[in-house]
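What follows is one structure encoded as structure tokens, with my remarks underneath.
A short reminder: the numbers here are calculations on the coordinates, not readings from a lab. Predicted model, so just to flag it, every value in this text is computed and none were measured. So basically every Cβ, Gly included, is an ideal-geometry build from the backbone, and we count neighbours across all protein chains shown.
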Amino acid sequence: MTNLSFDDALTRFEPTLGLEVHVELNTATKVFCACPTSFGSEPNTNVCPVCLGLPGSLPTLNEKAVESIIRIGLALNCQIAPWSRMARKNYFYPDMPKDFQISQYDEPICFDGYLDVLVPDQDGSTTVRIGIERVHLEEDTGKLTHAGGSTGRIHGADYSLVDYNRAGIPLVEIVTKVIDGTKHAAPLVAKAYVSALRDLVRNLGVSDVRMEEGSLRCDANLSLKPIGSETLGTRTETKNVNSLRSVERAVRSEMVRQAAVLDSGQKVRQETRHFQESDGSTSPGRSKEQAEEYRYFPEPDLLPIAPDAAWVAKLKSELPEAPAAKRERLQAAWGISDFEMISVINSGGIDLVEKTIAAGCDQAAARKWWMGELSRIANELDQELESLSISPKQVAEVESLIQSGTLNDKLARVVIAAVINGEGSPAEIVANQNLAVVSDDTALLAAIDVAITQSPDVVAKIKEGKLQAAGAVIGAVMKATKGQADAAKVRQLLFERLGVSE
Amino acid sequence: MSNLSRAELENLAKLARINLTDEELTIFGSQLGLILDSVAKVQEVVNDSIVPMSHALPMTNVFRPDVVGQSLSNSEALAAAPSTQDHRFKVPRILDEE
Amino acid sequence: MTDLTKLTAVEIATGIKSGDFSAVAVTKAHLDRISRIDSKINAFLHVDTEGALSQAKLVDEKRDAGKALGDLAGVPVAVKDIFTQKGVPTTAGSKILEGWIPPYDSTVVSRMKQADMVLLGKVNMDEFAMGSSTENSGYGPTRNPWDLDRIPGGSSGGSSAAVAGFMSSLAVGTDTGGSIRQPAAVTGTVGVKPTYGGVSRYGMIALASSLDQAGPFARTVLDAALLHKVMGGHDHHDSTSISAPVPPIVEAAKSLDLKGMKIGVVKELSGEGYQAGVLSLFQDSVAILKDLGAQIVEVSCPSFEYALAAYYLIQPSECSSNLARFDGMRYGMRVAEGNAGVEEVMSATRAAGFGAEVKRRIMIGTYALSSGYYDAYYGSAQKVRTLIAQDYAKAFQKADVLISPTSPVTAFKIGEKTNDPMAMYLNDICTIPVNLAGIGGMSLPIGLDPADSLPVGLQVMSPVMQDDRMYRVGGALEAALLNHWGAPLLDRAQQL
């Protein structure tokens, strides 16, 4: 099979996307029992007869979970079903205590909505409307750890261990309609959609949406069809796509892979594939894939959900400002271009920037820190921006230390790294580590005098009026003071010493 | 109708995760065919205008407040498990080597 | 000296309260009888001697301290092995759960404990409540105290036999298609299936969730009402539990007044397939009810013809899903050979742990829910359910309660129908419509069939949450029959 480049692939095929996003709600208790949902507890301690599926136990539906999904549906411009039922999805798997999952089948609570997302392009950005097919409620499964074997993966493991703490955590599944016509932009559209959805859900306060903790998970369905064809191609479902960057990479690599398969005259197999973070590729899932027969039927232990119009209206009136509206408002307030705004949105840091500004920071500086140094660190640590252990208030504090002359840019980076490293607040770090800009002229003058005696040639040039030569001396002074000096100040003192003026 | 074919039965048994012996396959084949013939009678009387009844009582919206309650301890949770390790349920390998 | 096992629950509770005898004495009398005769009956799967005696002791201490006691304080009760009881083995009559000790109490169990009742132990049943004879138990059949070669009904056959055999004053059972009423009928006891949602299902191992309902067994209608009251009422652990209070069933059982009451005889629940003695005793009771001042009307429920078919789709479908969890991963049996993978271990465990009837019904349910067949089978069955509920609604416009025989036949011989599932299913022809509609139903003894000298039961059906009506009819008919017989029917059973 020949490999096609991404661009080559696009000359012959066009992609059709479908995205399924699972969001773990941040309710205090599980969806069908009163066990806590806390992350990171000892294994099998957030469990009870209900979420262990013990004989005789019965589910009871968490009201907050229902309220949360309706709010998500409303924010996604969905219809809210006046009557819907939970359904059992029957299949055997050891991470599922009852060997069925309580989910929803043909009666989702929310359906037929849309989300407008901003996708970057050469001209700045384009708004793409993503149709929402359905939003439904279901329960999460337990967590499997595979032991033995060589790889630590499911294949070839000798046995597996199950922790049911996660079993029964409320999940909201958001399924898009078919996304067509995105062509080259498909990977970016996918990423922008997940990013926008994450912002929307976070904005509602119904989930922590931390992709690295698995509280937002994405499955990407993708098929290719020959350009101009009306018939959809065979699709694959790529699971395990757990970061924004991965969404883009997974779609891209699956487009390239399918194009190569089709190009060599073979057929794409309808299958589940797994995304590999390491190299950005996808690999086939279960080897013994059989046609699934889930035998859905209405869950007899739970009663239909029939939200009355007044409740839905109340929830709608209480929705926070939509991210799109917020984007427009902030862009206007900050007075920045589409392009600059996109980069803020795509970084996932819009709230962080807003909060940093609210804490007293200048907007340009706030963006500079979050988009620049902090994004770089997040990338390095393979974390999302908001999970960095530095708060917007602390970033604003660093910036105000720069404004007051206590820190320069270089020292500020050292302070930020130290804050993230858990060494204290910016002020504490400056004090404890003696990082403030050196402003005692005596010490500086001494350093300047040393530098002058060491570079007589340069000094001569400066005295002749070649002021640009001063850089070498200033550099030497900065080096001697370990960067704690303010370069502008050094320059000023040097010229005074040499009796020249700018 | 008819007995269920052996293939149909085997597929059902696989879906239901029950190993059936040859003898069981033979007996169940005729018994299930008979039962299914008999229960197919429900189709005679229904039409599209009848609303299916999934619950015995016409109640809706029974919810639980989002308040944390009592969980089991790890030892209670694992007490009946056929096999455990590291405070977890130990289960046989899930898939064969590819 | 009084034989404490022959007393009614009311007499036991009154005697303990007034100090005529102690709860410990009552408990010991029953434990003694169990150890003396249960080897012949096989009603009990587990006798909780220690737990029962310590609970009885607590009741006596409470009484001695002058503290308030529940209506049924100190009264012994046998618990169908389908209810979880913390620390007490619970098997649902299945080998797959052998040795399982639940870490929690079912609501029914905890309410009986709170009411100061004495739980004697767990009694036998058809495996996972699938059956009408208790022959499908993984732990051997239970025998009918009237005739040890015959079945005690099912699936709650351990409950009916324990009460009929005077091993327990009261028992709890569950009824998905008749599993309380039919065993009550064939053992000469009173059995009640409350309105669906009237008693919490929490901790009751599910057979068919939309049909299952727990209820009491007793030797009198009033005793049944008292136990029903203890068990019943809203429970937030069960979403399908009704929030309204239990109807005034105890008062109704005592009322004995049927004047002005309209009683409907269901035309479709008689005729071919019904034993002659069953029909004639039923007619005798109709005459008695008329004498008591009730107005008898005939009602027709044409859709009942499809009830059995609908039931044998809905019940196996829900059961195929409910029983999926018995897979050998978290509790119960695990059959693992060599280096078998998880699918093989699950399949081998379920093959070894489930009996033939359970396997049959899981297979039918799996079939009926499959995508190609759902509409034709499960979907149609749910529509039939609607038709049956509509038939009842119309009938209850004409009558306050409905009546029919409970079972077309008296207790049959052990082994007689085990190889013919369809013949076995016909036992529940009169009781199944009640579960499909979610209404209340009671069976009470109305005499012995002259042909075989075995008990016959009459079924009283009342609308949703009007359970008091069936108690009113049952209480009045029972009093009239007792007056006619001169002694309780069970006195005519053989001495064991």
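Ordering C:SER407, A:ASN46, A:PRO97 by Cα displacement along the dipole of the protein assembly as shown toward the positive end leaves C:SER407 in first place; charges were set at the Cβ atoms of Lys, Arg (+1) and Asp, Glu (-1).
Is it possible to state the helix-based mean residue ellipticity at 222 nm for chain B, with each DSSP H run of 4+ residues giving -39500 (n - 2.57), the sum divided by total residues, to the nearest 500 deg cm²/dmol? What is it? One gets -11000 deg cm²/dmol as the mean residue ellipticity at 222 nm. Here the sum of -39500 (n - 2.57) over DSSP H runs of 4 or more residues, divided by the residues of chain C, equals -12000 deg cm²/dmol at 222 nm, to the nearest 500.
By counting other Cβ atoms within 10 Å of each Cβ, how are B:GLU8, A:GLU328 ranked from fewest to most?
A:GLU328, B:GLU8
Working value for segment A:6-310: equivalent-ellipsoid semi-axes of 32, 24, 18 Å, each the square root of 5 times a Cα gyration tensor eigenvalue, largest first.
With a Förster radius of 60 Å applied to the beta-carbon distance between B:VAL51 and A:ILE227, the computed FRET efficiency rounds to 0.80. Label-to-label distance, C:ASN483 versus C:LYS259, with points set 7 angstrom from Cα along the beta-carbon direction: 1.4 nm.
Using the 10 angstrom Cβ neighbour count as an exposure proxy, how do A:PHE39, A:PHE339 rank, fewest first?
Values: A:PHE39 16, A:PHE339 11.
By the 10 Å Cβ count, ascending: A:PHE339, A:PHE39.
Where both bridge residues fall in segment A:6-310, DSSP classifies roughly 95% of the beta bridges as antiparallel. Peptides A:372-380, A:388-396, B:78-86 ranked from most to least packed, by the mean per-residue count of other Cβ atoms within 10 Å: A:388-396, B:78-86, A:372-380.
For chain A, taking a cut-off of 4.7 Å between Cβ atoms, the unpaired cysteines are A:CYS33, A:CYS35, A:CYS48, A:CYS51, A:CYS218, A:CYS361. Evaluated over the Cα positions of the protein assembly as shown, the convex hull gives a direction-averaged projected area, one quarter of its surface, of 54.5 nm².
For the residues of C:316-327, the average number of beta carbons from a partner chain within 10 Å of their own beta carbon is 6.
Let's test the formula: R0 of 51 Å, r as the Cβ-Cβ distance of A:LYS479 and C:ALA68. What FRET efficiency results, to the nearest 0.05?
The formula returns an efficiency of 0.05 here.
With 18 Å as the limit, write out which pairs from A:LYS410/A:LYS482; A:LYS143/A:LYS239; C:LYS259/C:LYS398; C:LYS290/C:LYS394; A:LYS183/A:LYS326 have Cα-Cα distances beyond it, or answer none. The answer is C:LYS290/C:LYS394; A:LYS183/A:LYS326.
Each helix, a run of at least 4 DSSP H residues, gives -39500 (n - 2.57); summed and divided by the residues of chain A, these come to -11500 deg cm²/dmol at 222 nm. log₁₀ I(q)/I(0) of segment C:8-152 at q = 0.12 Å⁻¹, via Debye over equal Cα point scatterers, no solvent, to two decimals? Summing over Cα pairs of segment C:8-152 leads to -0.51.
As a ratio to 2.2 N^0.38 Å, the alpha-carbon radius of gyration for chain C is 0.91.
Compared with the rule-of-thumb size 2.2 N^0.38 Å for a compact globular protein, segment B:6-45 has a Cα radius of gyration ratio of 1.32.
The mean number of Cβ atoms from other chains found within 10 Å of a Cβ in peptide C:355-368 is 6, as a whole number. Peptide packing for C:171-183, A:314-326 was compared via the average number of neighbouring C-beta atoms within 10 Å per residue; ordered from the highest value, the list is C:171-183, A:314-326.
Backbone N atoms of segment B:65-98 closer than 11 Å to the 7 Å Cα→Cβ label point of A:ALA147 belong to residues B:83-92. In order along segment A:297-314, the Karplus-derived 3J(HN,Hα) couplings, from 6.51 cos²θ - 1.76 cosθ + 1.60 at θ = phi - 60°, round to 7, x, 5, x, 7, 10, 8, x, 9, 10, x, 7, 4, 5, 5, 4, 4, 5 Hz, and Gly and Pro are given as x. With a Förster radius of 45 Å applied to the beta-carbon distance between A:SER455 and A:ALA417, the computed FRET efficiency rounds to 0.85.
Place a point 7 Å from Cα of C:GLN114 in the direction of its Cβ. Which residues in segment C:218-239 have their backbone N less than 18 Å from it? The answer is C:226-239, whose backbone nitrogens lie closer than 18 Å to the label point. Among A:TYR164, A:TYR294, the ranking by other beta carbons within 10 Å of each residue's beta carbon, starting with the fewest, stands as A:TYR294, A:TYR164. Convex hull volume of the C-alpha atoms in segment C:156-297, normalised per residue: 136 Å³. Close amide H pairs (under 5 Å, H built 1.01 Å from N) link B:PHE89 with A:VAL162, residues at least 5 positions away or on another chain. If all Cα-Cα distances of chain B are sorted into 5 Å bins from 0 onward, what percent lands in each bin, rounded to whole numbers? Going from the shortest bin to the longest, the percentages are 2, 8, 10, 8, 9, 10, 13, 14, 13, 10, 3, 0. With θ taken as phi - 60° and the Karplus curve 6.51 cos²θ - 1.76 cosθ + 1.60 applied, the whole-hertz 3J(HN,Hα) list for segment C:377-388 is 9, 4, x, 5, 4, 5, 6, 4, 4, 4, 4, 5 Hz, x standing for glycine and proline. Using the Kirkwood radius over C-alpha pairs as Rh, can you work out the diffusion coefficient of segment A:446-502 via Stokes-Einstein at 4 °C, viscosity 1.567 mPa s, in µm² per second? For these conditions, the coefficient is 118 µm²/s. Computed from the Cα positions only, the extents of segment A:322-432 along the three principal axes stand at 43, 31, 21 Å, in decreasing order. Partner shielding of A:60-70 amounts to 4, given as the average count of beta-carbon atoms from other chains within 10 Å of each residue beta-carbon. The label-point distance for C:LEU53 and A:SER264, in a model that sets each label 7 Å from Cα toward Cβ, rounds to 7.8 nm. Give the residues of segment A:200-218 whose amide nitrogen is closer than 14 Å to a point set 7 Å from the Cα of A:GLU277 in the direction of its Cβ. A:210-218, by backbone N distance to the label point.
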